[in-house]
Amino acid sequence: MTNLYLQEITSELKLALTKKNHPLKFCVLGTIDSENTPQLRIIGLRKFTDDFNFTLYTDRRSAKVSQITKNPKVSLLFYHPVKKLQIKIEGIANVIKDCGLLKEQWLKINEKAKRDYTTMFAPGSKINSPEEITYLKEKNFFSSIEIKAETIEYLKLKETSHFKVQFHKDINGWVSEFLVP
Ligand SMILES: Cc1cc2nc3c(=O)[nH]c(=O)nc-3n(C[C@H](O)[C@H](O)[C@H](O)COP(=O)(O)O)c2cc1C
């Protein structure tokens, strides 16, 4: 019966990949930095599979990539304001190294978006003015991160009573527990 919630999450996340302006297209990715400080940023969801693997694209020089390399434990937070649905994922991230897969993903990105991965200086570099940003023509720093979910938390706010259920990955699949919201 709790599978219905997993099914709802699955269908909404799949919709987010195809429907324009869907609120689950963007999520908050949480990583831990070398000072043990949580770091958060908005990121676009690029792929989602039925076994709760998430794919995100980024610049391989970005802080998140080095944080994940040192500590692969991450969180993802999605919010659907119309459904008042919050989805929280905890999982293990992996920076993709497979050149063939990276090339395949890169070729599917539209030309305008490709520019985001070609700045001369790394994301987060200090500059004197925004005019200093230059884009390289022959080189890119495209990278892809895969996150395998280990826990999934579903929270729905309702007029009558709020509702929260959490799923943990087990050898037999997802095991659910209801939680006080
Ligand atoms: C709406 C929105 C979408 C974004 N999508 C991405 C994305 O898909 N990939 C990405 O690396 N950064 C994306 N960003 C920028 C990140 O929030 C962040 O500033 C950048 O990745 C650097 O993060 P880091 O220094 O913590 O690694 C997006 C920002 C916004 C506001």
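The values are calculated or read from the model by the stated rules, or taken from the named source; none is laboratory data. On a predicted model such as this, the values are computed, not experimentally measured, just so you know. Please note: Cβ atoms are built from the backbone with ideal geometry, for glycine as well, and neighbour counts cover all protein chains shown. Only protein heavy atoms, including side chains, enter the accessible area calculation; ligands, DNA and RNA are left aside. Shrake-Rupley method; radii C 1.70, N 1.55, O 1.52, S 1.80 Å.
Exactly one residue among 113, 122 is farther than 20 Å from residue 76 by Cβ, in contact (Cβ under 8 Å) with a residue 60 or more places away in the chain and not β-branched (Val, Ile, Thr), and that residue is 122. Flag set for residue 133, criterion: within 16 Å of the ligand (Cβ to nearest atom), without any contact (Cβ under 8 Å) to a residue 24 or more places away in the chain, open to solvent by 70 Å² or more (accessible area, probe 1.4 Å) and β-branched (Val, Ile, Thr).
Out of 31, 18, report the one residue that is open to solvent by less than 50 Å² (accessible area, probe 1.4 Å) and polar (S, T, N, Q).
31
Scanning segment 80-122 for residues that are over 24 Å from residue 13 (Cβ atoms) and buried (at least 16 other Cβ atoms within 10 Å of the Cβ) returns 118, 119. When the test is whether a residue is at pLDDT below 95 and within 30 Å of residue 118 (Cβ to Cβ), residue 148 does not pass it. Screening 21, 36 for residues that are within 12 Å of the ligand (Cβ to nearest atom), in a loop (DSSP other than H, G, I, E, B) and out of contact with any Phe, Trp or Tyr (no Cβ under 9 Å at 6 or more places or on another chain) leaves exactly one candidate, 21. Scanning segment 66-100 for residues being part of a strand (DSSP E or B) and within 17 Å of residue 47 (Cβ to Cβ) gives a total of 10.
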